[in-house]
Amino acid sequence: MELGSLFQDEPWDPNRVPADYLAGVISHIRRKEVTSPSAKRLLAIKFEGDQRSVSEVVHQENLLLQPLSQEEYIKLAQTLLEEKPDMVRDITEKGQVKKVGWFVGQMVIRAPDGSVEPDKAKEVLLNLLGVGEKV
């Protein structure tokens, strides 16, 4: 959930998620200490009134990135590819490479929170599919 959608039914209040907290979230993302889904969760937690710092929330809520190994990425990707042979054909035979994004999303969803980096998942999928970087 993005910050804008949190304010969907409420008037904008810059104190709800202060600039320094937002900067802390961005800093954690840039240092690859949290994933994008974890960062969204950090924003939602703060939006609901939590007074802890970004670092406190990251550690206490176990949001610190704990990436999968290369072998775990491959195994998860292969499982998904085997489950959707029609989509694999669409990608490899019809050139519908944008469908790789669906597989990336499924890897993020199916893996433990904070363990899949979308860019790494995409790289593994593209390699397994033999289509290279075309997305």
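The set of residues from segment 36-75 being of a type in the set (A, V, I, L, M) and either free of Cβ contacts under 8 Å to residues at least 12 places away in the same chain or touching a Phe, Trp or Tyr at 6+ places or on another chain (Cβ under 8 Å) (or both) comprises just one member, V54.
One line per residue, one yes/no per condition, for (1) farther than 26 Å from A19 by Cβ; (2) modelled with pLDDT of 95 or more; (3) hydrophobic (A, V, I, L, M, F, W, C):
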site	(1), (2), (3)
T35	no, no, no
E48	no, no, no
V54	no, yes, yes
D90	yes, yes, no
V97	yes, no, yes
F103	yes, yes, yes
E123	yes, yes, no
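A single entry from E33, E82, E10 fulfils the requirement of being under 30 Å from E123 (Cβ atoms), free of Cβ contacts under 8 Å to residues at least 40 places away in the same chain and in a loop (DSSP other than H, G, I, E, B): E33.
Of all the criteria given as (1) in contact with a Leu (Cβ under 8 Å, 6 or more places away or on another chain); (2) in a helix (DSSP H, G or I), the one not satisfied by L68 is (2). When segment 59-82 is filtered for residues that are surrounded by 16 or more Cβ atoms within 10 Å (Cβ to Cβ) and touching an Asp or Glu at 6+ places or on another chain (Cβ under 7 Å), only L65 remains.
The values are calculated or read from the model by the stated rules, or taken from the named source; none is laboratory data. Every value quoted in this text rests on a predicted model; they were computed, and no experiment measured them. Please note: Cβ atoms are built from the backbone with ideal geometry, for glycine as well, and neighbour counts cover all protein chains shown.
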